[in-house]
Each structure stands twice: as C-alpha cells, then as structure tokens.
1. Quick check on this structure: which one of Val68, Val72, Val44 is surrounded by fewer than 16 Cβ atoms within 10 Å (Cβ to Cβ) and either under 15 Å from Gln108 (Cα atoms) or free of Cβ contacts under 8 Å to residues at least 60 places away in the same chain (or both)?
2. Among the residues of the range 75-88 satisfying the criterion of being surrounded by 15 or more Cβ atoms within 10 Å (Cβ to Cβ) and not acidic (Asp, Glu), which is modelled with the lowest pLDDT?
3. For the range 1-36, name all the residues that are assigned to a loop (DSSP other than H, G, I, E, B) and more than 18 Å from Arg130 (Cα to Cα).
4. Return yes when Tyr41 is at pLDDT 95 or above and closer than 22 Å to Ser5 by Cβ and no when it is not.
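The values are calculated or read from the model by the stated rules, or taken from the named source; none is laboratory data. For clarity, every value in this text was computed on a predicted model and none was experimentally measured. Note that each Cβ is placed from the backbone with ideal geometry, even for glycine, and that neighbours are counted across all protein chains shown.
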Amino acid sequence: MAQVSATQSIDINAAPDAVLSALSDYTVVRPQILPEQYLDYQVVSGKSGAGTVAQWTLQATKKRSRNVKATVTADANSITETDANSTMVTTYTVTPAGSGSKVSTTTQWQGAGGIGGFFEKTFAPKGLNRIQSALLGNLKTRLETS
C-alpha cells in the first residue's frame, strides 16, 4: 500500500486566529465554504473545534465517493480531521504571512496496492487538489468580504 497525499495552500488577508476560528466552526462556516463535492454534510456531535464529529460523502469523481466520519483535534495553529471509516487524515495549518495568514491543507491516506494503487497515487491527488483549492478559495472569499 502506498501513501497518497494532496496539499494546497492559499494566502488570506485575515489574522490567523480569525482563520482558525472560521475553520473550526463546523456548524455555520464549514457548511458555507464546502464545495459541491461534499454531500450530505452534518455535524454529529460538538459544534466547533476539538471533539467535533462531522460526516459527509465526498464525491471525488462521478463514480468514486467516500463516506467520511471525521473526528476533529486541534492545537494552536492546526485542525486535524481523522476519518473513522478509512486511513484518511486531513490537516489544516494556519501560519502568519505578512499582515494575514497562509492556510495549507494536506490530506493523506493509505492507497491501494498494485496497478490500482499506481493509478490512485497518480490521479487521486489531482482531483483532491481541485476540491481543496475550492474549499480554501471559499474560505478566503468569506473572510475577506465579511
């Protein structure tokens, strides 16, 4: 099995604490910034930050979807979502950048072996990068226009 990873970053003209607060808000902000590939999003328990559990279906392609049940952990500059249904872990890291923030998101999981794993490792990150880019772009728009 191969480690599969996708990473995207964006600069946002907002203070790091404001960005972390927005990313941590799973009841109001998160549903508003999720791109169309996130289906049936709901918060199972908690509302914000560490201890929150949320679930959704990630429609990666027309034929491939993944049911995600993520438990959230957090520290001073990051939020991590660990999927109970797979090895997938997504981490959002927020760091100061000039007068604003840089937000990076990395999603990793153990991919399939063999030829299927080769194709997964080659193509899945590209699709996930588009999804991550849309989510971060929506976050930027929300924070810079509010």
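1. Val44 is the lone residue from the list that is surrounded by fewer than 16 Cβ atoms within 10 Å (Cβ to Cβ) and either under 15 Å from Gln108 (Cα atoms) or free of Cβ contacts under 8 Å to residues at least 60 places away in the same chain (or both).
2. Met88
3. Correct list: Met1, Ala2, Asn13, Ala14, Ala15, Tyr26, Thr27, Val28.
4. The answer is no for Tyr41.
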